[in-house]
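Quick notes on the structure that follows.
The values are calculated or read from the model by the stated rules, or taken from the named source; none is laboratory data. This one's a predicted model, so the numbers in the text were calculated from it and none came from an experiment. Here the Cβ positions follow ideal geometry from the backbone for every residue, glycine too, while neighbour counts run over all protein chains shown. Areas reflect the complete protein model, heavy atoms only, side chains present, ligands, DNA and RNA absent. Shrake-Rupley method; radii C 1.70, N 1.55, O 1.52, S 1.80 Å.
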Amino acid sequence: MDKKMFFANIALATDRIELFQELQDYLQGKGIGVSQINKKDQQLQQALPTEPDLVVLDCSDQDVGGLALCRTIRNSYRVPLVLICRPEQEQFTILALELGADFSLSATGSTPIIAENIRAMLSRLNSSPISALQYGELKIDANKREAFIAGCSVHLSTIEFQLLWLLCTKAGQVVSRETIHRKLYRSPYNGYDRSIDLYISRIRQKIGETKTSQVYLKTVRGLGYQFVGSEDEPLRNSTNE
């Protein structure tokens, strides 16, 4: 079906035809197109006519090839990458997140639950305001979904960008893990998920690759995270909201 018929399109990398058909039937009724990527296809960028809005990788089989495919997808598409993993695959899931995946869903969940999580993420992506913020040498453009330090582009994954944008829009405030988790994942914080810490660490490393010594992200122990900057550099919004 034509992409224009849907408000969003996802690509599902799976060998499980039943999973693909169930998600396709459910999500198409919600206005979301679903295309299948063969996990053995080495030419991912040629597998689909246009770039999807989100890629879902079925890792329920927990094979080593799934980690390689995770890296390949991350290099092929700059959209959110969601994993479907089994709860007992903790180490596998951590490795996949380190390779660039943005979020994981439980393979034990029903198809409607998996589908509704996907729909919620797409809705969150489509609701971001078109604006740009600048604080000292750091500029974050929500329209282009890019960040820059001293004019140099900083490559951030989708979740990393959303997290940085969230903290920037609340500059000076301490944002709790609970708030961050609800904003990014549309679900309550379970008390032990450390993925937010991982994304914060990645953002710091990527910003730190430049020559600037500015500190932007502060950890407030026991509370959450805070976007900070030097006091003589006010936050500026480049467009009217």
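One table, with the values for the structure above:
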| quantity | calculated |
| --- | --- |
| Segment 188-241, subset buried (at least 17 other Cβ atoms within 10 Å of the Cβ) and under 14 Å from GLY136 (Cβ atoms), residue modelled with the lowest pLDDT | GLY229 |
| Residue tally, condition modelled with pLDDT of 75 or more, small (Gly, Ala, Ser) and either out of contact with any strand residue (DSSP E or B) (no Cβ under 8 Å at 6 or more places or on another chain) or at positive phi (or both), over segment 60-75 | 1 |
| All positions within segment 34-59 that are outside any strand (DSSP E or B), open to solvent by 20 Å² or more (accessible area, probe 1.4 Å) and at pLDDT 80 or above | ASP53 |
| In segment 89-111, the residues that are over 15 Å from ARG202 (Cα atoms) and either touching a Gly at 6+ places or on another chain (Cβ under 7 Å) or not small (Gly, Ala, Ser) (or both) | GLN89, GLU90, GLN91, PHE92, THR93, LEU105, THR108, THR111 |
| Top-ranked residue in segment 139-153 [being among the hydrophobic types (A, V, I, L, M, F, W, C) and in a loop (DSSP other than H, G, I, E, B); ranked as modelled with the lowest pLDDT] | ALA142 |
| Residue match in segment 75-87 (condition: out of contact with any Pro (no Cβ under 7 Å at 6 or more places or on another chain), basic (Lys, Arg) and more than 26 Å from LYS170 (Cα to Cα)) | yes |
| Pairs where the first residue, in segment 6-28, is closer than 18 Å to GLU51 by Cβ and the second is part of a helix (DSSP H, G or I) and of a type in the set (Phe, Trp, Tyr), C-beta under 9 Å, 6+ apart | LEU12/PHE20 |
| Candidate set: segment 145-161, residues that are in contact (Cβ under 8 Å) with a residue 12 or more places away in the chain and open to solvent by 70 Å² or more (accessible area, probe 1.4 Å); chosen: the one farthest from TYR199 (Cα to Cα) | CYS152 |
| ILE17 being open to solvent by 20 Å² or more (accessible area, probe 1.4 Å) and either of a type in the set (Phe, Trp, Tyr) or modelled with pLDDT of 90 or more (or both) | yes |
| Selection within segment 173-191 - within 20 Å of ARG221 (Cα to Cα) and part of a loop (DSSP other than H, G, I, E, B) | GLN173, PRO188, TYR189, ASN190, GLY191 |
| Any pair with Cβ under 9 angstrom, 6 or more apart, that starts in segment 79-108 at a residue that is more than 19 Å from ASN9 (Cβ to Cβ) and polar (S, T, N, Q) and ends at one that is assigned to a helix (DSSP H, G or I) and open to solvent by less than 50 Å² (accessible area, probe 1.4 Å) | GLN89/ALA96; SER104/THR93; SER104/ALA96; SER104/LEU97; SER104/SER195; SER106/ILE114 |
| Subset of segment 154-172 [modelled with pLDDT of 85 or more, of a type outside the set (Ser, Thr, Tyr) and outside any helix (DSSP H, G or I)] | VAL154, HIS155, LEU156 |
| Segment 63-98, residues that are surrounded by fewer than 17 Cβ atoms within 10 Å (Cβ to Cβ) and assigned to a loop (DSSP other than H, G, I, E, B) | ASP63, ARG78, ARG86, PRO87, GLU88 |
| Qualifying residue in segment 196-216 (condition: under 29 Å from PHE92 (Cα atoms), touching a Lys or Arg at 6+ places or on another chain (Cβ under 6 Å) and either among the basic types (Lys, Arg) or in a loop (DSSP other than H, G, I, E, B) (or both)) | no |
